[in-house]
Amino acid sequence: MTKKATPDQVAAEWIARLDRRKLTPDEDRQLQDWIDADVRHKGAFLRCQAIWHATNRAQALRSPVMVWNQQRQLPSRRAFLSTAVAASLCAFFVPIGTSEAKKHYETQRNILYTPEKWGKKLSLDCHTRVEDSSCETRVLSGRCYVTAHDGLVKTANLRFIVKGSLLVSQARHHESGVVVSGSAYVWGRALSDRKSLATGTRLTVTSQGTLQFSHLDKDELARLIAWTTGQVALETETISEAADIFNRYNQKQIIPSFRLGDQRLSGLFDLYRPDVFAQAARSIAGARVKEDSHNIYLE
């Protein structure tokens, strides 16, 4: 095992060694120490266990850490490694029932930032639901910004392995993933549908189930994730479209008139200060601003 080997490669070598012979007590300790050293090691080992399960040549394990003194009947090294080559980066087979509990996150008008856990960080946009565990992040609805190294992120129909940061959206008739930094692998329903995505790539699943690929430049990426820093970046949006953005996050709603609705404003605004945006609309677009306890009217 070389120092440069990935966790998946190290885990595969351990399983191959187990196939050849029983581990010595010293090797048992080495393996346990390696698993305990990093949650990514445990994840890699779980993936290897799952690949082993997929061969249908052994009984399922009851816990993430094997009981090494039990009788083992593993697939041959050749069969295992050939499967691992095809699926080592894919965590489709990772069992969810591990010792790590799932975390359920849900937002309303707020943005939620999770602490770094399991080697990843999440930023949940408003009106978003996410299930998170050491094995995967599942975006159930809304929009989630994920920063991870070899982290599995799922929507209803897409599976990503993230090596950087990814913005994922899930709606009833729309799914998308945008690689904001680094790279990602994506799978469709079949494991053979794997594709590597570079920074700036956006993948969208249409309501008809077709895949569309496009590319965003740095400025477009910055505007797309401005909400993660509590900002609204406007360039081509109309005042009506900008009002819709502010209204998602704030109790006090912006109500533009027909006269102003199709005019455009550019700039960077505080997401939680619709009043500041209203003043900009007055200065730039000549809006008359009226306000009560619930709404800000732009006339």
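The values are calculated or read from the model by the stated rules, or taken from the named source; none is laboratory data. If you're wondering where the values come from, they're calculated on a predicted model, not measured in any experiment. Please note: Cβ atoms are built from the backbone with ideal geometry, for glycine as well, and neighbour counts cover all protein chains shown. Just so you know, the surface numbers come from the protein's heavy atoms only, side chains and all, with ligands and any DNA or RNA stripped out. Shrake-Rupley method; radii C 1.70, N 1.55, O 1.52, S 1.80 Å.
Worth pointing out:
- Looking across region 265-296, just one residue is open to solvent by less than 30 Å² (accessible area, probe 1.4 Å) and free of Cβ contacts under 8 Å to residues at least 24 places away in the same chain, and that is A280.
- Cβ-Cβ contacts under 6 Å between residues 6 or more apart (or on different chains), taken from a first residue in region 24-35 that is at negative phi to a second residue that is not hydrophobic (A, V, I, L, M, F, W, C), are listed as W34/H41; I35/H41; I35/K42.
- Pick from region 170-195, criterion at pLDDT below 90 and in a strand (DSSP E or B), ranking: most open to solvent (accessible area, probe 1.4 Å): K195
- Some residue of region 111-121 being surrounded by fewer than 19 Cβ atoms within 10 Å (Cβ to Cβ), assigned to a loop (DSSP other than H, G, I, E, B) and at positive phi: yes
- Residues of region 244-299 that are basic (K, R), more than 30 Å from the chain's Cα centre (by Cα) and not in a strand (DSSP E or B): K252, R259, R282, R288.
- Flag for E299 being open to solvent by 90 Å² or more (accessible area, probe 1.4 Å) and modelled with pLDDT under 95: no
- Region 1-52 - residue that is in a helix (DSSP H, G or I), among the polar types (S, T, N, Q) and modelled with pLDDT of 75 or more and, of those, surrounded by the most Cβ atoms within 10 Å (Cβ to Cβ): Q9
- Count - residues of region 153-169 that are open to solvent by 20 Å² or more (accessible area, probe 1.4 Å) and among the polar types (S, T, N, Q): 2
- For region 215-228, the condition holds for no residue, the condition being that it is on the phi > 0 side of the Ramachandran plot and open to solvent by less than 50 Å² (accessible area, probe 1.4 Å).
- The residues of region 246-258 that are within 10 Å of A287 (Cβ to Cβ) and loosely packed, with under 14 Cβ neighbours inside 10 Å amount to a single one, S257.
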